[in-house]
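J.: Sharing a structure here in structure tokens format.
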Amino acid sequence: MSHIPENLLYTRTHEWVHNNGDGTVTVGITDHAQDLLGDMVFIELPEIGTTVDREEEVVVVESVKAASDVYAPVGGEIVAVNERLTNAPELVNKDAYDDGWMMKIRVEDKLDLDELLSSQDYQELLEEEQDDED
Amino acid sequence: MGKKTPLYEAHLSAGAKIVDFAGWLMPIHYGSQLDEHHWVRTGAGMFDVSHMTVVDLKGDRTREFLRALLANDVDRLTTPGKALYSCMLRQDGGILDDLIVYGMAADWYRMVVNAATREKDLAWMRTQAQPYGIDITERTDLAMIAVQGPAARGKVHAILGARAGALPDLKPFNALALNTWFIARTGYTGEDGYEIILPAIDAVDFWQQLRNADVHPCGLGARDTLRLEAGMNLYGTDMDESLTPLDCGLAWTVAFTPEDRQFIGRDALEALKQSGLRHRFVGLILEERGVLRGHQKVFIDGKEVGITTSGTFSPTLKQAIAMARLSVLDGHHCAVEIRGKLLPARIVKPVFVRNGKSCVDA
């Protein structure tokens, strides 16, 4: 079973969100998502200063298997991106929740955070998806 | 329920991620497709390819039959054990499948065809064989393991010990029957190695011996990136029944001489040659960061001129590569549409990596 840290929030589209407590959040994709996608070979990050809407496509991750979109879990301004991923996309596979972070967003509307899933909700979502597969 | 090869349980215990491939439950990778790719380029990897269809053709008129059935000419197999790559065509020149045929004796040829085309191929061959009285037997009692990479042959020789016999002297693209085992110095990776066809009951033991000798299990994912780097076509992706060998870079596999050999599809191909080739089959190297995939549109000077048939991020070159079918014969540069953007690419011969080394200019 994939790793789901309790201190993070999640989306139904397999992003994780860390509330930094200073009006920004850090965003990446979950261990489950990286496992499904396989080895990462290219990650296209947004430009700093871009404003994104909640659920807007913001990052493209290309694995050996396919290209996938990463959606913004909250609306706001991109204030930082993980430049290391440009030359080392495999960090997402090796350490999805730490070195594999993708971007920081300054949250425009705090209510967006209420829409996110707790680790327990996300765990249940994965179990449902697993059941659908079986 | 998907079909399982004799090695299915061994894959699960090695941590394989299993996918359905042409009705078979096969390992796509065992953790990291990229690592598996590099093992084959630098050391030794092994693939369970038991899903592929092994067919034995026996009878006095087998050679005569195959000379009519295949676009390549089995008369090129001048010594026992030699292998030949060929397409099997419809009357209209469309490719039914690509295959390898081994000429083992005057009255025994062994053929390996794709899993996805198994039923179609067998039905076609049996229909065409009727006038020749050939015995066509699918060998479902056999398994097949490909051991590939610069260290692969040495590892196999060490495991077989004295049983290896004349194996170390086997030349590339030749096969040897060793009792119930059949060992061919062929592959689908661009590296040296063997494809070993053995009784299903021997497969698990041999697989384990290879693992003990530090030969890494590799899945279908790495098999695909390796074959693409090596410039080897994949049936159903780079070619199908709507295309002829002349459309997908396989003209070299069609034996037009001798001119009196009337193989199935010959008339259609002759007519096509007369009319001028319809397509140019090329390799592409993306000049910017990104990943090429199959079915992306190719442009030259703003005009759509073709499509990628398969593409990937080349783990060896660390650049995106693709095979593409173009309607124009000239040009060294093009643009590929990737997710709505046009990115520049270089047109090269569709061979990117062989024997661990890049085949394209930097």
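J.: Rounded to the nearest 0.05, what FRET efficiency do residue A:127 and residue B:9 give with R0 = 22 Å and r taken as the Cβ-Cβ distance? Could you check? Before the final figure, lay out the partial values.
T.: Values: r = 26 Å, r/R0 = 1.19.
Efficiency, rounded to the nearest 0.05: 0.25.
J.: For the protein assembly as shown, what's the radius of gyration and Dmax over Cα atoms, in angstrom?
T.: 25.4, 83
J.: What is the distance in Å between the Cα centroid of segment B:47-109 and that of segment B:22-38?
T.: If you average the Cα positions of each part, the centres end up 28 Å apart.
J.: Could you check the simple spin-label distance between residue B:90 and residue B:68, using points 7 Å along Cα→Cβ, in nm with one decimal?
T.: Modelled inter-label distance: 2.0 nm.
J.: May I pose another question? Could you tally the net charge around residue B:93, taking each other residue with its Cβ under 12 Å from the Cβ of residue B:93, Lys/Arg +1 and Asp/Glu -1? Write down the numbers at each step before the final one.
T.: Numbers: positive: B:90, B:266, B:273, B:278; negative: B:92, B:241, B:247, B:267, B:270.
That works out to -1.
J.: Let me ask something else about it. For residue B:330 and residue B:208 in the same chain, what is the full-extension length gain: residue separation times 0.36 nm, less their Cα-Cα distance, in nm?
T.: Working: separation 122, 0.36 × 122 = 43.92 nm, distance 5.05 nm.
Going from the current span to full extension adds 38.9 nm.
J.: Please check which bits of segment B:292-318 a label hung off residue B:346 would reach, taking the label as a point 7 Å along Cα-to-C-beta and the cut-off as backbone N under 13 Å.
T.: Answer for segment B:292-318: B:317-318.
J.: Any idea what the dipole of segment A:9-127 comes to, in debye rounded to 20, about its Cα centre with Lys/Arg Cβ at +1 and Asp/Glu Cβ at -1? Mind dumping the intermediate values first?
T.: Values: 8 positive and 27 negative charges, 46 e Å.
Result for segment A:9-127 is approximately 220 debye, rounded to the nearest 20.
J.: Now for a different question. Would you mind giving the mean number of other chain beta-carbons within 10 Å of the Cβ of each residue in A:64-77, as a whole number? Display every interim value, and only then the final one.
T.: On the way: counts 14, 7, 2, 5, 0, 1, 0, 0, 0, 0, 0, 0, 0, 0.
Shielding by partners across A:64-77 averages 2.
J.: Give me the dipole magnitude in Debye, nearest 20, for the protein assembly as shown about the Cα centre, with unit charges on the beta carbon: positive for Lys and Arg, negative for Asp and Glu. All intermediate terms of the calculation are to be shown ahead of the outcome.
T.: Numbers: 49 positive and 77 negative charges, 638 e Å.
For the protein assembly as shown, the charge dipole is close to 3060 debye.
J.: Students often get this wrong, so check it: of B:17/B:120; B:17/B:318; B:3/B:120; B:4/B:155; B:318/B:357; A:65/B:318, which have C-alpha atoms separated by over 22 Å? Mind dumping the intermediate values first?
T.: Numbers: B:17/B:120 29 Å; B:17/B:318 24 Å; B:3/B:120 18 Å; B:4/B:155 26 Å; B:318/B:357 13 Å; A:65/B:318 15 Å.
Table pairs above 22 Å Cα-Cα are B:17/B:120; B:17/B:318; B:4/B:155.
J.: If you add up the charges near residue B:190, with Lys and Arg at +1 and Asp and Glu at -1, over every other residue whose beta carbon is less than 10 angstrom from its beta carbon, what do you get? Mind showing how you got there, number by number?
T.: Details: positive: B:41, B:227, B:354, B:357; negative: B:191, B:192, B:229.
Neighbour charge sum, excluding residue B:190 itself: +1.
J.: So what is the relative contact order of chain B, in percent, for Cα pairs below 8 Å that sit 6 or more residues apart? Could you put the intermediate results ahead of the total?
T.: Details: 816 pairs, mean separation 66.2, N = 362.
This gives 18 percent for chain B.
J.: Give me the net charge of residue B:211's neighbourhood, meaning all other residues with Cβ under 14 Å from the Cβ of residue B:211; Lys, Arg count +1, Asp, Glu -1.
T.: -4
Every number here is computed from the coordinates shown, using simple stated rules; none is lab data. Worth saying up front: this structure is predicted, and the values here are computed from it rather than measured. Heads up, the Cβs are rebuilt from the backbone with ideal geometry, glycines too, and the neighbour counts pull from every protein chain shown.
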